[in-house]
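This report concerns only the one structure given below.
Since every read-out is calculated from the coordinates, none of them should be taken as a lab result. Keep in mind the model is a prediction, meaning the values are calculated, not measured. Glycine gets a Cβ as well: all are built from the backbone with ideal geometry, and neighbour counts include every protein chain shown.
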Amino acid sequence: MVLLKRAISSIQTDGVISIATAAQDSTVEIKIADSGEPIPADELEHLFDISLESGHDLVQSEMSYYSINCIIKRQNGSIDVASNPNTGTTFTINCWFNQIPIINLPGRRHLQR
């Protein structure tokens, strides 16, 4: 949900948000992309770290991206981000679902329960 909120807030006027999924063997890939304002290059390197902000005599921590990264890593997954002024921002999440085999049927993919 945090990634979708970020995508929505990055679009100033007209824009596109897309969500794409793909499954292969026991891997699921999820891409969330937007055509809005990019994440500044100097912020990308530390995007998944805990950050501290101060103001109005308060110190606040920002843990949204850090929390997402921790949750995905606990599932033996990974998250990557690409962002540039021409195409916007894309988050790519890869997760392993070894416990849920994917059954390949002609033209369809189903998760076996």
Here the gain from full extension of S67 to E43, 0.36 nm per residue of separation minus their alpha-carbon distance, amounts to 7.0 nm
Between I19 and C95, what is the spin-label point distance in nm, taking each point 7 Å from the Cα along the Cα→C-beta axis? 1.2 nm
